[in-house]
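What follows is one structure encoded as structure tokens, with my remarks underneath.
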Amino acid sequence: MANTKFIFVTGGVTSSLGKGILASSLAKLIQAGGYSVTIQKLDPYLNVDPGTLNPYEHGECFVTDDGAETDLDLGHYERFLNVPTSQANNVTTGRIYQSVINKERKGDFLGKTVQIVPHITDEIKRRIMLLGKKGEYDVVVTEIGGVVGDIESLPFVEAVRQLKWELGSDALCIHLTLVPYLAAAGEIKTKPTQHSVKQLLENGVQPDILVLRTEHPLTDSVRHKVALFCNVDRNAVFESPDVPSIYEIPLVFQKQGLHEVAMTKMRLPIKKEPDLEHWTAQLNRLYNLSNKVDIAVVGKYVELPDAYKSIHEAIIHAGMVNDTKVNIEWIHSEKVTDDNVAELLKDKKAVLVAPGFGHRGIEGKIIATRYARENNIPFLGICLGMQCAVIEFARNVLGLKDANSAEFSTTPNPVIDIMEQQKTITNMGHTMRLGAYPCKIDDEDTNAFRAYGKHLIHERHRHRYEFNNDYLKAMAEKGMKAVGKNPDSDLVEIVEIKEHKWFVGVQFHPEYQSRFEAPHPLFVAFIKAAISE
Ligand code: GLN
């Protein structure tokens, strides 16, 4: 078998240029050209994983099948490549240090002084190479988080330098930078890019390919200048323009031949032109939607769209299937009151109540849920959103006014209770119920079964609390039924109200499994309900 190829994606000048989308798009092109590809993210912070991070810090925490709590870029990788990622695909500085320090404590370094170089850099290299070792992937794309020049990224850049030296043409470095346009001068400026590449060179890394994020098309002279001053081939300078949808980016790079240059440099044979027929058809659907619908998403992090990245993308995918442009009104749960709920949700054809942790904004979510239930507006509650639906139903239909989740109060009616295994937990990191679990849907006359079209599904989880089965019977008698359950533990996974137009609460996170080429059936059904009269 041929050697695995390693592509490193670094970023310069500023963050938020779209390294994740660049990595995903190039990986997509190589995958569509007949190779198996995976993408890995290295994050330069000291948290062992982003599971303990507030979404305001780095946006949503993405969860993989194997229960890893990861950076949201892994969501892009999965949505583009349509293959699952795992813990190995996201490594932080914290995780690297933790394993090196654990080895030190065990005495594995045999009396040696443990240092950033070589011990930390060796561990980084090991984690990169690990993905190539299994023989599963022809190409591993590794995205280095942060911006070149940050103190935190230095060990990662040093690891890239060493690997490039050791692997020769099996390794490639792509550097993404910004070329700002100065309106007053009427010019695209290349100096920040030159400086950023100098910074990389100072660290011993010569980028092979440059991708310039730009708001204006690159001229030949800009391309030429950047190539000359950065020691990069002229045909290896690409542009990343602003486009209406991130899903267009693979096609933008295909047109420019980014994959061909990358593959040629790595001596990876070009077997065929990337087959993006289905991808392109999806994009055409997305760009030519006939209908429109307004829906509301109620959450407490709505000021930061990245906090609900996967939900947002899943809704876009579902709109595409339903030939509908979904206009999302992001409603701050702390602002919802009994007095303004009707005004806030007026004209909304569906309501989604988002996941979350902690008490803040909870009453607003419950009020919005009640409004959707009482006014027959299609409702999807995800994780905490499902728990809110259960609390709301217990309070307002069962008449248990003090019903609540044990997460928020020590009520005599904990309709949502802490899971048995969670009671003894003291460490917060990576101790929730995480990852994929089975769920069985027995009743075929349910929205869930109609959406999935099968009895056994697998969805990903991230929670500590659950539907309290002591209330199962009383709730069912009044119309809220547990229609999906974990077959092993009996844990309630899906609740529905049959008398309602479309009311579904799920303890799991369907959004993590929606892909551009395979939109999630539950979101598709939710949007379908929103547009149906
Ligand atoms: N806070 C709730 C729990 O831990 C819900 C979690 C979530 O929405 N992801 O069970």
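Bear in mind that the values in this text are calculations on the coordinates, not laboratory data. The structure presented is a predicted model; accordingly, all values stated were derived computationally and were not measured. Cβ atoms come from the backbone with ideal geometry, glycine included; neighbour counts cover every protein chain shown.
Could you list which residues have their amide H under 5 Å from that of residue 211, counting only those 5 or more apart in sequence or on another chain, with H placed in the peptide plane?
For residue 211, the qualifying residues are 175, 176, 177, 238.
With θ taken as phi - 60° and the coefficients 6.51, -1.76 and 1.60, list the Karplus ³J(HN,Hα) couplings across the range 196-213 in order, rounded to whole Hz; mark glycine and proline as x.
These are the phi-based 3J(HN,Hα) values: 5, 5, 4, 4, 4, 5, 4, 8, x, 10, 9, x, 8, 9, 10, 10, 9, 7 Hz.
In what sequence, highest mean first, do 496-507, 205-216, 400-411, 110-121 appear when ranked by Cβ atoms within 10 angstrom?
Details: 496-507: 22.5, 205-216: 20.8, 400-411: 16.7, 110-121: 12.6.
Going by the mean number of other Cβ atoms within 10 Å, highest first, we get 496-507, 205-216, 400-411, 110-121.
Considering the zone a paramagnetic label at residue 116 would reach in this model (a point 7 Å from Cα along the Cα-to-Cβ line), which residues of the range 155-189 have amide N under 16 Å from it?
155-162, by backbone N distance to the label point.
Would you grab the residues whose amide H sits under 5 Å from the one on residue 463? Only those 5+ places off in sequence or on another chain, please, with H modelled 1.01 Å from N.
433
Zone of residue 329 (label point 7 Å along Cα→Cβ, backbone N under 12 Å): which residues in the range 278-314?
294-298
Taking only Cα atoms, what is the 0 to 90° angle, nearest 10, from helix 309-321's long axis to the longest principal axis of the chain?
Orientation of helix 309-321: about 80 degrees from the principal axis.
Based on other C-beta atoms within 10 Å, arrange 386, 475, 428, 266 from fewest to most.
Numbers: 386 26, 475 23, 428 10, 266 20.
In increasing order of surrounding Cβ atoms, one gets 428, 266, 475, 386.
Per-residue HN-Hα couplings for the range 470-481, Karplus 6.51 cos²θ - 1.76 cosθ + 1.60 at θ = phi - 60°, whole Hz, x for Gly and Pro?
4, 9, 3, 5, 4, 5, 4, 4, 8, x, 9, 10
Residues in the range 113-134 near a label at residue 105, defined as backbone nitrogen under 18 Å from the 7 Å Cα→Cβ point?
114-115, 120, by backbone N distance to the label point.
Amide H neighbours of residue 142 under 5 Å, counting only residues 5+ apart in sequence or on other chains, H built in-plane at 1.01 Å?
For residue 142, the qualifying residues are 7, 8, 9, 40.
As a test of the formula, what do you get for the chain when each DSSP H run with n ≥ 4 contributes -39,500 (n - 2.57) and the sum is divided by the residue count, at 222 nm and rounded to the nearest 500 deg cm²/dmol? Display every interim value, and only then the final one.
Details: 18 runs with 186 residues, N = 533.
Value at 222 nm, helices only: -10500 deg cm²/dmol.
Which of 28/103; 454/478; 309/501; 325/473; 125/272; 292/501 have a Cα-Cα distance over 29 Å?
Details: 28/103 37 Å; 454/478 26 Å; 309/501 27 Å; 325/473 40 Å; 125/272 31 Å; 292/501 20 Å.
From the list (28/103; 454/478; 309/501; 325/473; 125/272; 292/501), the Cα-Cα distance tops 29 Å for 28/103; 325/473; 125/272.
If one takes the longest principal axis of the Cα atoms in the chain, at what angle in degrees, from 0 to 90 and to the nearest 10, does the Cα axis of helix 154-167 lie?
The answer is roughly 60 degrees.
Using the per-residue mean of other Cβ atoms lying within 10 Å as a proxy for protection, in what order, highest first, do the peptides 225-234, 65-74 fall? Write down the numbers at each step before the final one.
Numbers: 225-234: 15.6, 65-74: 22.3.
Top of the packing list down: 65-74, 225-234.
Output the 0 to 90 degree angle, nearest 10, between the alpha-carbon long axis of helix 121-133 and the longest principal axis computed from the alpha carbons of the chain.
That works out to roughly 70 degrees.
Restricting to the chain, compute how many DSSP beta bridges are antiparallel as a %, nearest 5.
Working: 26 of 77 bridges.
Given both bridge residues lie in the chain, the antiparallel proportion sits at roughly 35 percent.
Could you give the size of the charge dipole of the chain about its Cα centre, using +1 on the Cβ of each K and R and -1 on the Cβ of each D and E, expressed in debye and rounded to the nearest 20?
On the way: 60 positive and 69 negative charges, 182 e Å.
Magnitude of the dipole: close to 880 debye.
Between residue 430 and residue 490, 0.36 nm times their residue separation minus their Cα-Cα distance comes to what?
Values: separation 60, 0.36 × 60 = 21.60 nm, distance 2.27 nm.
Result for the pair: 19.3 nm of gain on full extension.
What are the ³J(HN,Hα) values, in whole Hz, obtained from phi via the Karplus relation 6.51 cos²θ - 1.76 cosθ + 1.60 with θ = phi - 60°, for each residue of the range 235-243 in sequence order, with x given for Gly and Pro?
Computed from phi, the couplings for the range 235-243 are 7, 10, 10, 10, 10, 10, x, 6, 10 Hz.
Quick one: if the Förster radius is 56 Å, what FRET efficiency do residue 3 and residue 338 give, using the C-beta to C-beta distance and rounding to 0.05? Don't skip to the end; give the middle numbers.
Values: r = 64 Å, r/R0 = 1.15.
E(calc), rounded to 0.05, equals 0.30.
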